[in-house]
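The values are calculated or read from the model by the stated rules, or taken from the named source; none is laboratory data. Quick caveat, the model's predicted, so the values are computed rather than measured. Neighbour counts run over all protein chains shown; Cβ positions are idealised from the backbone, glycine included. These accessible areas exclude ligands, DNA and RNA; they are computed on the full protein's heavy atoms, side chains included. Shrake-Rupley method; radii C 1.70, N 1.55, O 1.52, S 1.80 Å.
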Amino acid sequence: MFLKSKKIATDKKAVKHVGKPLIRGVAGVFFFTIALTMQLAACDMSAFVQSEFAERCQLLLDLCDKADLARSLAHPDIAGYNGALSREWIRFFLAHGNHSNIPPTLAFIATDSWNIAMNEVGNAIAALINTGIDRENMHRLRFRVMLMKEPQRIETLQKIFDGRRKQLLSATEQWSDREAWFTQTLILPANELHAQVGEVPELLHRLQTEVDSHIAAFQRIIEHEKNGTDPEVVAALFSSLQQEIDLDMAFWETLFFYNT
């Protein structure tokens with residue numbers, strides 16, 4: 001179950017110090033990576049091969065799983081698994097940690113979105129090594145790394161999110177066509193999200209819970225309107241519903257590297 005991963009060739013002096021910063025805390029992670037980034041040249045993206053990058057993402061996933069399992073089983077060599085994960089994350093971050101050396105297959109992701117995502121992944125890995133993380137955060141971490149292996153999945157959702165925002169910003173009478181508004185703001189993105197997160201039951205449950213809640217709220221507002229409720233009150237209810245949908249949608253936008 002606990003097989004040691006092959007080490008990627010690297011400077012022995014750097015490797016000697018790689019494991020400790022992540023184990024000591026998040027601040028150490030970023031201080032160490034920033035220092036190394038200043039010393040080492042960025043990865044040459046002209047030689048980038050997606051299949052090799054996908055293998056690297058899979059290695060990171062495997063090491064996360066092993067470190068997580070080692071902690072849950074109180075494995076005597078937990079420090080070894082944490083160290084392996086620490087070293088691989090540092091190498092990954094040095095190669096792709098900022099938008100200047102983002103893989104070409106992911107270059108459609110906005111600079112701020114990529115940088116935020118890398119920091120969040122780094123924080124999650126640091127927490128996994130230091131104290132362990134709960135199931136929800138572990139699934140989120142795994143899913144985001146997995147998405148990097150399959151850029152087309154991210155791009156598909158980003159196009160959906162783009163369409164959603166453009167529609168909401170351009171509509172002069174946002175709720176004049178109730179069904180069209182609700183379809184654009186929730187149903188279309190939710191359908192695509194369902195197709196993408198179906199493999200992760202915890203994420204699927206969250207999505208379904210949110211959608212069911214918003215559908216119920218939408219139906220209640222329609223009933224109020226049919227029963228002659230004051231139009232200003234109805235408009236306020238729709239505005240409140242849109243804010244709630246937007247708040248929930250922000251989670252999914254971030255998950256799919258969309259923060260612009």
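Whether any residue in the range 203-216 is open to solvent by 50 Å² or more (accessible area, probe 1.4 Å) and in contact (Cβ under 8 Å) with a residue 60 or more places away in the chain is what I want to check. Checked the range 203-216: no residue is open to solvent by 50 Å² or more (accessible area, probe 1.4 Å) and in contact (Cβ under 8 Å) with a residue 60 or more places away in the chain. Taking residues in the range 136-156 that are in contact (Cβ under 8 Å) with a residue 60 or more places away in the chain and hydrophobic (A, V, I, L, M, F, W, C), and partners anywhere that are buried (at least 17 other Cβ atoms within 10 Å of the Cβ) and outside any helix (DSSP H, G or I), the pairs with Cβ atoms closer than 6 Å and at least 6 places apart or on different chains are ILE154/PHE256; ILE154/PHE257. Scanning the range 91-105 for residues that are touching a Pro at 6+ places or on another chain (Cβ under 9 Å) and either modelled with pLDDT of 95 or more or open to solvent by 20 Å² or more (accessible area, probe 1.4 Å) (or both) yields a count of 1.
Taking ALA110, is it open to solvent by less than 50 Å² (accessible area, probe 1.4 Å) and in contact with a Leu (Cβ under 9 Å, 6 or more places away or on another chain)? Considered against the rule, which asks whether it is open to solvent by less than 50 Å² (accessible area, probe 1.4 Å) and in contact with a Leu (Cβ under 9 Å, 6 or more places away or on another chain), ALA110 comes out as no. When we screen GLN196, GLN208, GLN167, GLN219 for residues that are in contact with a helix residue (DSSP H, G or I) (Cβ under 9 Å, 6 or more places away or on another chain), in a helix (DSSP H, G or I) and either farther than 21 Å from PHE143 by Cβ or acidic (Asp, Glu) (or both), the only hit is GLN167.
Taking the listed residues LEU85, LEU63, the one that is modelled with pLDDT of 95 or more, touching an Asp or Glu at 6+ places or on another chain (Cβ under 6 Å) and open to solvent by less than 40 Å² (accessible area, probe 1.4 Å) is LEU63, with no other qualifying.
Can you confirm whether the range 171-187 contains a residue that is assigned to a helix (DSSP H, G or I) and closer than 30 Å to ASN119 by Cβ? The answer is yes, given that some residue of the range 171-187 is assigned to a helix (DSSP H, G or I) and closer than 30 Å to ASN119 by Cβ.
Counting only residues that are over 22 Å from GLN158 (Cβ atoms) and either touching a residue at least 12 places away in the same chain (Cβ under 8 Å) or crowded, with 20+ Cβ neighbours inside 10 Å (or both), the range 173-202 holds 4 of them.
Residues in the range 113-130 that are open to solvent by less than 30 Å² (accessible area, probe 1.4 Å) and under 12 Å from the mean Cα position of the chain (by Cα): SER113, TRP114, ALA117, MET118, VAL121, GLY122, ALA124.
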